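Everything on this sheet refers to the single structure shown next.
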Amino acid sequence: FYWNRRLTIEIKRRRVVEESLRKSEENLVAANKELEAFSYSVSHDLRAPLRHISGFVQLLQAKVKGQLDETSLRYLDIIAGASRKMGELIDDLLSFSRTGRAQMRLETVPLNPMVEECRRELEPDTRGRNIEWQIGPLPEVEADRALLRQVFANLLGNAVKYSRNRPVAKIEVSATRTESEITVCVRDNGAGFDMQYADKLFGVFQRLHTEQEFEGTGIGLANVRRIIVRHGGRTWAEGAVDQGAAFYFALPVKPAEAE
């Protein structure tokens, strides 16, 4: 009788815990959806007034050209630059919001052609530079092609950007495979980062370099993590200041169900 009673109590306790976990998960999903909807709405609503600011600043610059002193013209340039920066932030925030809502369509994706395509698109930024590309044999993965392409565009774009002060930039893309997952690494010999701040790299609007050093909005790597997590994978990074960085993402060999 004693053991039966203990078993009954334990079953009830587990049911309470399971129900609590289920409700917490439902609340988290609902909160994420509300946050994504809020981000999308705010970003979308900011576009109209920002277009007005940009447009009227351009009109004013054209109208008063030659009439204002150097300081006043510099003020107008600052306003115009700030509005462009805000536009970039809004675009990236919208992209981040859409990434969380986009329907995933899993298919077999060969990685070498995708990396080569992203590399060609970076040619305007790499023209005239000495870059050594080392792209190893890469596997096929089960993933959403469009979303995974965003991952490579961000990682390769960052490698090109943060290695631009090197006389010879070295960018390497490699992959390893275990029974459970495929790991891809994008490595460069650029500015690197302090590992004590590594946890900030994949956060929204988190930057470890100033805007004067390297342009950007701080959303690219957040998008990378969100996309990889939606595939049931994981992301991490390694680096050292002025000694380059390596960004990794791992995808399960057997992908999760598309959301």
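The values are calculated or read from the model by the stated rules, or taken from the named source; none is laboratory data. Predicted, not measured: the structure shown is a model, and the values here were computed from it. Cβ coordinates were reconstructed from backbone atoms using ideal geometry, including for glycine residues, and neighbour counts include every protein chain displayed. The accessibility values were calculated without ligands, DNA or RNA, using every heavy atom of the protein model including side chains. Shrake-Rupley method; radii C 1.70, N 1.55, O 1.52, S 1.80 Å.
Numbers below:
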read-out	value
Accessible surface of TYR162 - all protein chains present, 1.4 Å probe, nearest 10 Å²	50
FRET efficiency, LEU106 to GLN58 (Cβ-Cβ, R0 41 Å, nearest 0.05)	0.35
Exposure ranking of GLU117, GLU70 by accessible area [1.4 Å probe, largest first]	GLU70, GLU117
ARG129/VAL229 FRET efficiency (R0 41 Å; Cβ-Cβ; nearest 0.05)	0.80
Packing rank of 121-128, 150-157, where each peptide gets the mean count of other beta carbons within 10 Å, highest leading	150-157, 121-128
Given LYS23/LYS85; LYS170/LYS200; LYS12/LYS254; LYS85/LYS170; LYS63/LYS85, the pairs whose alpha carbons are separated by over 31 Å	LYS23/LYS85; LYS12/LYS254
With DNA, RNA and ligands ignored, accessible area of TRP236 (1.4 Å probe; Å², nearest 10)	70
Nearest-10 value in Å² for the accessible area of ILE11, using the 1.4 Å probe	70
Net +/- balance of residues flanking THR108 in space, Cβ distance below 9 Å, scoring K and R +1, D and E -1	-3
Between the stretch 110-157 and the stretch 222-256, the alpha-carbon center distance in angstrom	15
